[in-house]
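Accompanying notes for the structure given below.
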Amino acid sequence: MAFPHLFPATTNQWKPGVDRDPGRDTYASPNLFTNYADFYARAAAAAKTAYRASRAQQNSDFKTYVAELRVACDSCHGLYLKSDQ
Ligand code: HEC
């Protein structure tokens with residue numbers, strides 16, 4: 001739940017086509033900051049799914065939640081994670 005709070009507006013610093021230091025620079029898309037409510041909701045939903053996975057009693061439930069979590073990771077990255085390409 002702390003995750004979206006790691007992205008205050010002052011961290012909106014991604015620039016295309018510059019030399020990047022992966023240890024210090026951000027890959028967070030500028031769209032994250034204009035769609036912050038959506039980003040926040042996605043982070044909250046992913047956290048709930050991860051929690052459910054951690055509490056699963058059945059192997060099949062665990063697999064279901066982890067598959068859901070993977071979709072949550074990938075879809076958020078699709079929208080809000082830039083890359084060097
Ligand atoms: C709510 C959106 C969101 C969700 C959900 C999310 N991520 Fe991310 N993730 C990001 C953003 C934004 C960045 C870029 C952060 C930065 O560079 O400042 C990132 C960066 C990363 C990175 C670093 C990528 C790189 O190329 O350096 C990894 C690894 C990662 N996420 C793994 C995960 C995993 C695993 C999950 C699911 C369990 C997940 N993320 C779920 C938004 C999300």
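The table below gives the values:
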quantity	calculated
Exclusive hit being surrounded by 10 or more Cβ atoms within 10 Å (Cβ to Cβ), touching a Pro at 6+ places or on another chain (Cβ under 6 Å) and modelled with pLDDT of 95 or more, set 51, 40, 65	40
Test: residue 46 is assigned to a helix (DSSP H, G or I) and surrounded by fewer than 16 Cβ atoms within 10 Å (Cβ to Cβ)	no
Every residue from the stretch 1-37 that is more than 8 Å from the ligand (Cβ to nearest atom), part of a helix (DSSP H, G or I) and either touching a strand residue (DSSP E or B) at 6+ places or on another chain (Cβ under 6 Å) or open to solvent by 60 Å² or more (accessible area, probe 1.4 Å) (or both)	5, 9, 10, 31, 34, 36, 37
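The values are calculated or read from the model by the stated rules, or taken from the named source; none is laboratory data. If you're wondering where the values come from, they're calculated on a predicted model, not measured in any experiment. Here Cβ is always computed from backbone atoms with ideal geometry, including for glycine, and neighbour counts include all displayed protein chains. Note: accessible area is taken over every heavy atom of the protein model, side chains too, but ligands, DNA and RNA are not part of it. Shrake-Rupley method; radii C 1.70, N 1.55, O 1.52, S 1.80 Å.
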